[in-house]
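To start, the structure under review is shown below, and the notes come after it.
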Amino acid sequence: MVLNRMRTFVSDFKDRATAKTGDLRHRQFIRTALRGYEAARDRRKDAFQSWQSARQAAAETKWEAINNLDKHLVALTAKLESRGTKVHWASTGDQARDIITQILRDKKARTIIKSKAMTSEEIHLNHALEHEGFTVVESDLGEFIVQLRHEAPYHIVFPSMHLQRGEIRELFQREIGDAPSDNPEDLTMVARRVMRQKYIQADIGFTGGNFAIAETGMISITENEGNSRLTSALPKTMVTLMGIEKVLPRFADLALFLPMLATAGAGQPMTCYNTMYSGPRQPGEPDGPEEWHVVLLDNRRTELLADAEQRDALHCIRCGACLNVCPIYRNVGGHTYGTTYSGPVGSVITPHLRGLQDWKHLSNASSLCGACTEACPVKIDLHHHLLQNRRNASASKPSLFERFAYKTFGCVANDPGLWALAKKIGWLSQPLQNVVKGSALDPAKAWTKTRDLPPMPRETFKDWWRNRK
Ligand code: SF4
């Protein structure tokens with residue numbers, strides 16, 4: 001059963017990756033979409049006195065936050081509760097879904113308006129709520145578009161990055177019956193009209209959270225559309241779901257993290273709307289929800305916390321910078337990963353969050369070029385973590401074939417005589433290799449189908465060294 005599932009995850013990934021890498025239109029489009037990103041990001045970096053020092057400071061702050069997570073979470077909870085927020089703890093995705101469903105039932109809710117929350121994607125919340133008969137509306141424009149297409153977000157920051165405006169126009173025409181042109185402003189106004197109505201009807205506003213401030217008991221949400229503010233301001237009840245790793249120790253830390261997230265994520269100096277939520281509406285306040293529930297999600301994050309080698313993967317602020325620069329992501333695209341978190345960070349954390357055996361293949365979705373590590377604003381050593389995942393995967397349950405292959409390679413590589421013989425056989429069998437290449441007789445068919453075998457030189461380095469004058 002497990003083996004079958006593992007095969008499915010791996011083969012699904014390979015099939016999708018093969019299709020996407022062969023889709024030149026898709027590759028060209030993603031390249032065009034990301035073309036301006038690096039230039040804008042680098043311009044914004046110059047606004048920091050020293051981007052490298054800022055990265056170091058951010059890494060140290062997150063280190064402090066994650067290594068004292070227990071204390072910070074207790075402080076955060078106490079502050080939130082002191083102003084009337086109801087804090088819930090969810091060990092698993094199932095528990096989080098149950099808690100949220102119960103809140104909705106208690107409030108006799110029917111419609112939920114949501115702002116962007118990758119944690120809700122992680123626990124497949126929309127699907128669960130719709131199954132229970134609730135109506136769920138995504139209010140972030142990109143999320144709204146992919147929701148209409150019944151698709152998962154393509155990118156953790158730009159959910160509908162893979163779509164061209166003509167496709168969005170067709171979608172709106174089909175699903176909403178209104179799409180005057182493919183002009184982005186016109187399309188945005190169509191979505192706006194639909195959403196405004198939903199805001200008025202919604203019983204519950206649902207948000208994620210970018211940072212949770214332990215010192216002051218505040219949740220910080222950063223966004224560009226203002227939809228999160230409306231989500232929290234209009235409905236009477238607000239529900240926030242966030243991973244426990246989002247904690248920052250001090251309010252002052254936001255002075256670094258807000259511009260850093262905007263710079264690394266979208267090449268902006270700051271996102272347009274930055275809001276700190278400290279509790280439900282207090283006596284005398286004119287607006288805000290009457291009731292606020294915060295659900296803190298573990299979902300195997302504490303297992304990653306227990307792993308001293310890779311704990312820093314919890315430093316991630318979900319800026320998406322590592323996706324944007326990753327040559328694999330840029331070729332295979334976001335949906336190929338089949339996970340909520342894609343790209344390098346997804347390949348590192350998914351085996352921890354969803355099981356190494358099923359997701360170990362993601363560690364190989366990397367050229368190990370290190371561009372992700374270089375781009376990461378909080379200095380997560382992403383490409384080394386991918387190597388560590390490969391090591392852990394091969395040490396945990398290697399297949400019979402892998403064990404045979406590693407053992408054989410180990411024997412040959414450790415014996416100079418066998419190594420020389422293998423080289424000779426390789427060189428002599430080159431004509432035969434070229435004949436069977438890609439056919440059913442080719443043992444490396446999966447590899448050679450899309451690649452040429454590099455010809456082996458007649459003279460090896462050793463020969464050259466020996467013969468040199
Ligand atoms: S791993 Fe680093 S670069 Fe990637 S999303 Fe997280 S913070 Fe951003």
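The values are calculated or read from the model by the stated rules, or taken from the named source; none is laboratory data. Being a predicted model, the structure only gives us computed values, none of them experimental. Note that we place each Cβ from the backbone using ideal geometry, even for glycine, and neighbour counts take in every protein chain shown.
For the list (1) away from the ligand (no atom under 16 Å from the Cβ); (2) under 22 Å from Val295 (Cβ atoms); (3) touching a Cys at 6+ places or on another chain (Cβ under 9 Å); (4) not polar (S, T, N, Q), I need the number of the one condition that Glu245 fails.
With respect to (1) away from the ligand (no atom under 16 Å from the Cβ); (2) under 22 Å from Val295 (Cβ atoms); (3) touching a Cys at 6+ places or on another chain (Cβ under 9 Å); (4) not polar (S, T, N, Q), Glu245 is out only on (1).
Return yes or no: is Thr61 in contact (Cβ under 8 Å) with a residue 24 or more places away in the chain, crowded, with 19+ Cβ neighbours inside 10 Å and touching a Phe, Trp or Tyr at 6+ places or on another chain (Cβ under 6 Å)?
Details: in contact (Cβ under 8 Å) with a residue 24 or more places away in the chain: yes; crowded, with 19+ Cβ neighbours inside 10 Å: yes; touching a Phe, Trp or Tyr at 6+ places or on another chain (Cβ under 6 Å): no.
No, not satisfied.
Scan the range 128-149 and give yes if some residue there is out of contact with any Phe, Trp or Tyr (no Cβ under 8 Å at 6 or more places or on another chain), under 18 Å from Gly333 (Cα atoms) and part of a loop (DSSP other than H, G, I, E, B), otherwise no.
Among the residues of the range 128-149, at least one is out of contact with any Phe, Trp or Tyr (no Cβ under 8 Å at 6 or more places or on another chain), under 18 Å from Gly333 (Cα atoms) and part of a loop (DSSP other than H, G, I, E, B), which makes the answer yes.
Go through the range 159-174 and report how many residues are assigned to a loop (DSSP other than H, G, I, E, B), free of Cβ contacts under 8 Å to residues at least 40 places away in the same chain and farther than 10 Å from Phe29 by Cβ. Even if it seems obvious, please write down each step before you answer.
First, the residues of the range 159-174 that are assigned to a loop (DSSP other than H, G, I, E, B): 159-164.
Retained after the next criterion (residues that are free of Cβ contacts under 8 Å to residues at least 40 places away in the same chain): 160, 163.
Applying the additional criterion that residues be farther than 10 Å from Phe29 by Cβ yields 160.
Of the residues in that region, 1 qualify.
Answer yes if at least one residue in the range 221-228 is part of a loop (DSSP other than H, G, I, E, B), within 16 Å of the ligand (Cβ to nearest atom), of a type in the set (Val, Ile, Thr) and under 15 Å from Ile317 (Cα atoms), and no otherwise.
Checked against the condition, which is being part of a loop (DSSP other than H, G, I, E, B), within 16 Å of the ligand (Cβ to nearest atom), of a type in the set (Val, Ile, Thr) and under 15 Å from Ile317 (Cα atoms), the range 221-228 yields no hits at all.
Just the residues that are away from the ligand (no atom under 16 Å from the Cβ) and either surrounded by 16 or more Cβ atoms within 10 Å (Cβ to Cβ) or not in a loop (DSSP other than H, G, I, E, B) (or both), please, taken from the range 249-271.
Taking the range 249-271 as the starting set, the residues that turn out to be away from the ligand (no atom under 16 Å from the Cβ) are 249-252, 255, 269-270.
Hits for the range 249-271 are Pro249, Phe251, Ala252, Ala255.
Give me the pairs: first residue in the range 357-383 and without any contact (Cβ under 8 Å) to a residue 60 or more places away in the chain and under 19 Å from Gln52 (Cβ atoms), second residue more than 15 Å from the ligand (Cβ to nearest atom) and of a type outside the set (D, E, K, R), beta-carbon distance under 6 Å, and six or more apart or on different chains, which are they?
Hits for this filter: His383/Leu368.
Which one of these is of a type outside the set (Val, Ile, Thr), at pLDDT below 95 and outside any helix (DSSP H, G or I): Ala33, Ala39, Ala47?
Criteria check complete, one pass: Ala47.
Does Val348 satisfy the criteria of being within 11 Å of the chain's Cα centre (by Cα), of a type in the set (Val, Ile, Thr) and buried (at least 24 other Cβ atoms within 10 Å of the Cβ)?
Taking the combined requirement at face value, the residue satisfies it.
Take Thr302 and tell me if it is away from the ligand (no atom under 13 Å from the Cβ), crowded, with 23+ Cβ neighbours inside 10 Å and under 24 Å from Lys246 (Cβ atoms).
Here the answer is no, as Thr302 does not meet what is asked.
Hand me the list of helices (runs of 4 or more DSSP H) wholly inside the range 317-436 holding 1 or more residues that are more than 15 Å from the ligand (Cβ to nearest atom). Give the derivation first.
Values: elements: 321-325, 327-332, 343-354, 356-359, 371-375, 382-396, 400-413, 416-428, 430-436.
Fully inside the range 317-436 and qualifying: 327-332, 343-354, 356-359, 382-396, 400-413, 416-428, 430-436.
Read through the list (1) within 22 Å of the chain's Cα centre (by Cα); (2) part of a loop (DSSP other than H, G, I, E, B), then give the number of the only condition that Ala109 fails.
Checking Ala109 against (1) within 22 Å of the chain's Cα centre (by Cα); (2) part of a loop (DSSP other than H, G, I, E, B), the one that fails is (1).
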